[in-house]
Each structure stands twice: as structure tokens, then as C-alpha cells.
Amino acid sequence: MEHTILIGFMGAGKTTLGKRVAAKLQKPFEDTDLRIEKEQGRPISDIFAKEGEQYFRMLETKQLEELLKEKESCVLSVGGGLPVQEANPPLLKQLGKTIYLKASKETLVKRLQGDKSRPLLQGGQLEEKIESLMAAREHIYEQVADVIVETDHLTMDEMVDRLITIVQGEG
Ligand code: S3P
């Protein structure tokens, strides 16, 4: 099934943009984080606090396996750490076309300031946390992506248009 998959760092706009693109294409919108929270009946921060990150990573992979069984093509946003887990890039390949929403550290710092929902960003210096996670992840995002969209200088409407063009095979 050819889904459209959005990857990128926390705060890159995957969920907001995914919803808008799905609505415009009249396709369902899926989000691994939201699916996990729904299935577990609790927020991700609670899963991290009680069972730890590795358990959460296992739940993410399980979601991709579930999505492989779904017939209808959708727009899918995945958590920022998902592509980094070894088991997941081959599953993403099978699921469809992967688009990396690339944003600079400066943009991400602005967007993530004051965030309380993401366990990996709590405590300490936000900028340093983003920097070290980015250093570990960016090359993987680039490897996994079929298409890279630089988002720093685009408005939300421009991003939506750009993604629609890509999904429709013209980008
Ligand atoms: C994570 C990103 C989050 C969520 C979890 C871990 C990460 O999703 O899956 O907090 O490791 O980057 P978003 O990228 O949607 O914020």
C-alpha cells in the first residue's frame, strides 16, 4: 500500500501538516504517537516514565506492522525517533513514500520552547538536547527519506502545496 509518510525531528510540523495534507487529499490521517496513546489509554510521557523508552520503541514498531495490514492509503506521521530504530526503515519502505520535513535547529528551538509533552526534551538545556539528538539522527532521516523538504522558509500553506505536489508524483 502506498502511504505518504512524514518523518522528521520533534517540532518539524509532521502532525499539523499531515492532518492538513490528508484533509486536502481526502485520505485518512494516521499518527503513530496518537495511535499508541489511544491503544494504551495514556500519554506517551506516562509510557516513558513507567516502562521506559525501549518499551515505547517496541510499541512504535508494532504500529508500523499494524499499518502494513491496512488497505486504505493514508497520510502517516511518525514520531521523531521512529526512523532511528533499526527495525523500522525496512517497514517504512514497505509502507510507502517517505518525506523528511527538515527544519534547522533554530526553528526547532523556537517551536519546542516550553514543551512539556516530549520526555526526551525535559530538564536541562533545550538547545543542547536538540543539537545532540539532531547530530545522531539527521543522517538517518536523510537516508530513509525518498524526498527531503526544507521547511524553514515555507509557510504552512506552502508546505501543504509542496507535499500535495510530491504525493501526486510531480515533485
Ligand atoms: C520522540 C518524538 C515524539 C514522540 C516521543 C519520542 C523522539 O514524537 O514519539 O516523545 O524520540 O523524537 P514527535 O516527533 O511527533 O514529537
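A few comments on the model shown:
- Solvent-accessible surface of segment 1-124, taken per residue with a 1.4 Å probe and all protein chains present: 48 Å².
- GluC sites (Glu not before Pro) within segment 1-52, DSSP loop, no more than 12 other Cβ atoms inside 10 Å: GLU2
- For the chain, a Gaussian network of Cα nodes joined below 10 Å ranks TYR141, TYR100, TYR55 by mean-square fluctuation, and the top entry is TYR55.
- For segment 51-102, the set of trypsin sites (Lys or Arg not before Pro) satisfying both a DSSP loop assignment and a count of at most 12 other C-beta atoms within 10 Å is given as LYS69, LYS71.
- Computed over neighbours whose Cβ is under 12 Å from that of THR98, the net charge equals 0, Lys and Arg +1, Asp and Glu -1.
- In straight-distance terms, cross-link reach from LYS105 covers every one of the lysines whose alpha-carbon lies under 20 Å from its own, apart from those fewer than eight places away in the same chain; here that gives LYS14, LYS116, LYS129.
- Just the protein heavy atoms count here, and of the accessible area of the chain at 1.4 Å, carbon and sulfur take up 50 percent.
- Segment 116-171 and segment 1-75 have Cα centres separated by 15 Å.
- Listed residues SER104, SER45, SER132, most fluctuating in the chain (Gaussian network, C-alpha, under 10 Å): SER132
The values are calculated or read from the model by the stated rules, or taken from the named source; none is laboratory data. Since we're looking at a predicted model, the values are computed, not measured. Positions of Cβ are backbone-derived with ideal geometry, glycine not excepted, and every protein chain shown enters the neighbour counts. Side chains included, ligands, DNA and RNA excluded: accessible areas come from the protein's heavy atoms. Shrake-Rupley method; radii C 1.70, N 1.55, O 1.52, S 1.80 Å.
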